[in-house]
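The values are calculated or read from the model by the stated rules, or taken from the named source; none is laboratory data. On a predicted model such as this, the values are computed, not experimentally measured, just so you know. Here Cβ is always computed from backbone atoms with ideal geometry, including for glycine, and neighbour counts include all displayed protein chains.
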């Protein structure tokens, strides 16, 4: 699964991905707003249906949520 969800820093990196094939058409605008982030941080999933063909399940694992909570608690104290 880790090989199918890629971490990139900019849209320029997309061209460097060898096995991207027919997936080159995409919207590079930000897609997760504040309300969606709050939803994710509560442990709930998002369904991304923007490509019109496939449904993409997006959900943070508990380790990710714990990490964010630890960062937030450090900034509050």
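If you take the residues in region 1-16 that are loosely packed, with under 10 Cβ neighbours inside 10 Å and closer than 18 Å to residue 60 by Cβ, which one is modelled with the lowest pLDDT?
Residue satisfying both the conditions and the ranking: 1.
Would you check if residue 66 is surrounded by 10 or more Cβ atoms within 10 Å (Cβ to Cβ) and part of a helix (DSSP H, G or I)?
When the stated conditions are applied, residue 66 passes them.
Restricting attention to region 23-47, report how many residues are outside any loop (DSSP other than H, G, I, E, B) and modelled with pLDDT of 85 or more.
Within region 23-47, residues that are outside any loop (DSSP other than H, G, I, E, B) and modelled with pLDDT of 85 or more number 10.
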